[in-house]
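Here is the structure we will look at, set down as structure tokens.
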């Protein structure tokens, strides 16, 4: 027999799962931005000493975004399924590749393109494999 509390729990759990998924998706974007900032900071401090690395604003911003991303991931993992959420983090590779092409003018070769397609397909398959 279903009670009123049981009937209300299902939509709340579904909403919590969607929120967790959205948080992890946001983590992928923050993580990619963090990596781009760290690369930018590394490029600017390549010839400088350790002190330049410590005070580099792009490096510090990249580290801060990584920390924020980690905190959001912990919040998402409280309510979501690890087997669904963690593969979504692989989308960070996609964002980093796209941003690297746009910002650093990296070349997008067929192997990178195939890798992106495989990652996105894998995340979609795992996301669709929910009960």
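Some values worked out for this structure:
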{"item": "Qualifying residue in segment 119-131 (condition: in contact with a helix residue (DSSP H, G or I) (Cβ under 8 Å, 6 or more places away or on another chain), without any contact (Cβ under 8 Å) to a residue 24 or more places away in the chain and surrounded by 15 or more Cβ atoms within 10 Å (Cβ to Cβ))", "result": "no"}
{"item": "Identity of the residue in segment 15-29, closer than 13 Å to residue 90 by Cβ and crowded, with 18+ Cβ neighbours inside 10 Å, that ends up nearest to the chain's Cα centre (by Cα)", "result": "28"}
{"item": "Pairs with Cβ under 7 Å, 6+ apart, first in segment 77-96 and at positive phi and modelled with pLDDT of 90 or more, second part of a loop (DSSP other than H, G, I, E, B) and surrounded by 18 or more Cβ atoms within 10 Å (Cβ to Cβ)", "result": "none"}
{"item": "Boolean, residue 32 is in contact with a helix residue (DSSP H, G or I) (Cβ under 9 Å, 6 or more places away or on another chain), surrounded by 10 or more Cβ atoms within 10 Å (Cβ to Cβ), assigned to a helix (DSSP H, G or I) and modelled with pLDDT of 95 or more", "result": "yes"}
{"item": "Residues located in segment 97-118, provided they are surrounded by 14 or more Cβ atoms within 10 Å (Cβ to Cβ), more than 19 Å from residue 24 (Cα to Cα) and either touching a residue at least 60 places away in the same chain (Cβ under 8 Å) or touching a strand residue (DSSP E or B) at 6+ places or on another chain (Cβ under 9 Å) (or both)", "result": "100"}
{"item": "Criterion: more than 17 Å from residue 119 (Cα to Cα), touching a helix residue (DSSP H, G or I) at 6+ places or on another chain (Cβ under 8 Å) and free of Cβ contacts under 8 Å to residues at least 24 places away in the same chain - qualifying residue of 49, 67, 62, 41", "result": "41"}
{"item": "Failed item, numbered, when residue 78 is tested on (1) loosely packed, with under 11 Cβ neighbours inside 10 Å; (2) outside any helix (DSSP H, G or I); (3) within 22 Å of the chain's Cα centre (by Cα)", "result": "(2)"}
{"item": "Only one of 42, 64 that is part of a helix (DSSP H, G or I), surrounded by fewer than 15 Cβ atoms within 10 Å (Cβ to Cβ) and under 18 Å from the mean Cα position of the chain (by Cα)", "result": "64"}
{"item": "Top-ranked residue in segment 81-90 [being assigned to a loop (DSSP other than H, G, I, E, B) and surrounded by 15 or more Cβ atoms within 10 Å (Cβ to Cβ); ranked as nearest to the chain's Cα centre (by Cα)]", "result": "89"}
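The values are calculated or read from the model by the stated rules, or taken from the named source; none is laboratory data. All values derive from a computational prediction rather than experimental measurement. Positions of Cβ are generated from backbone atoms using ideal geometry, with glycine treated the same way; all protein chains shown enter the neighbour counts.
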